[in-house]
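Report on one structure; see the data block that follows.
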Amino acid sequence: MAIPRFKTILYATDLGKNMRPVFRHAVSVAEQYRAKIIMLHVAQPLGATGKAALELYSPKKVKSLEHDAIKEILDKMQKRLGKFQRDELGKDSTLVAKVVAVVGDPAEKIWKFAASEDVDLIVVGSHTGGGFGSGFLGSTARKLINISDRPVLVVPVKK
Ligand code: AMP
């Protein structure tokens, strides 16, 4: 049987306060295996309230405003991820191959993105620390473990 190798590692982040220790685990594995890292953030789509606010502002333009709003959010996310990568690794590091932000349900988007990039390992934190949920795993981590057909490394983070 062929021994699995980690060539591409997907590091998914909510951009919250727990991202550094989780990212360092992704870096550690990437360095051991000479793998590349892809950084992914999933932005939440505009909810009913956001859409209603846009409709009030300009009912006819709601579609293009929504599109522009999402594009702006994604541009900002990409810049934040890029800065985080430079802060952590220095500007000359080639460990991170790609920085991506998409819109949707986090666990589903992470899973689909992992398939489309054919990644060998997904690295996430155990939870974002938000909410009142009990238990060790947050909802994204739990759902991802349930649906993923690829290995998932869950890094414990403090609540
Ligand atoms: P949660 O289960 O939502 O508390 O989050 C657990 C982990 O899933 C986080 O530490 C991140 O690694 C990942 N995650 C959660 N939300 C997102 C998101 N919006 N985009 C990318 N990764 C996320």
Protein chains only, probe 1.4 Å: how do 1, 39 rank by accessible area, largest first? 1, 39
Sum of side-chain charges, residue 66 neighbourhood, beta-carbon under 12 Å (Lys, Arg +1; Asp, Glu -1): +1
In degrees, nearest 10, the alpha-carbon axis of helix 48-57 is tilted away from the dominant principal axis of the alpha carbons of the chain by 40 degrees
Is there a quick way to get the dipole size of the stretch 6-154? I mean about its Cα centre, with the Cβ of Lys and Arg at +1 and of Asp and Glu at -1; what is the value in debye to the nearest 20? 240 debye
Relative to the first principal axis of the alpha-carbon coordinates of the chain, what is the inclination of helix 106-116, with its axis defined by its Cα atoms, in degrees from 0 to 90 and to the nearest 10? 60 degrees
Ignoring ligands and nucleic acids, residue 118 exposes an accessible area, probe 1.4 Å, in Å² to the nearest 10, of 100 Å²
Checked against the positive end of the charge dipole of the chain (+1 on Cβ of Lys and Arg, -1 on Cβ of Asp and Glu, about the Cα centre), the farthest of 26, 141, 115 is 26
Rounded to the nearest 10 degrees, what's the angle between the helix 19-33 long axis and the longest principal axis of the chain, both from Cα atoms, 0 to 90? 40 degrees
On alpha carbon coordinates alone, what is the Rg over Rh value for the chain, Rh being the Kirkwood radius? 1.01
Between rounded, prolate and oblate, where does the stretch 86-159 land on the alpha carbon gyration tensor, with a ≥ b ≥ c its root eigenvalues, rounded for a/c under 1.5, else prolate if a/b exceeds b/c? oblate
By accessible area of protein heavy atoms, probe 1.4 Å, what ranking do 33, 11, 57 get, highest first? 57, 33, 11
How would 80, 150 rank on accessible area, largest to smallest, probe 1.4 Å? 80, 150
For the stretch 90-156 and the stretch 1-49, write down the distance between their C-alpha centroids in whole Å. 6 Å
If you project the alpha carbons of the stretch 1-93 onto their three principal axes, what span does each projection cover, largest first, in Å? 57, 35, 22
Using a 1.4 angstrom probe on heavy atoms only, work out the carbon and sulfur share of the accessible area of the chain in %. 56 percent
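The values are calculated or read from the model by the stated rules, or taken from the named source; none is laboratory data. As the structure is a computational prediction, the values presented were derived from the model and not from experiment. Glycine also receives a Cβ, built like all others from the backbone with ideal geometry; neighbour counts cover every protein chain displayed. To get the accessible areas, we keep the full protein, side chains included, count just its heavy atoms, and leave off ligands, DNA and RNA. Shrake-Rupley method; radii C 1.70, N 1.55, O 1.52, S 1.80 Å.
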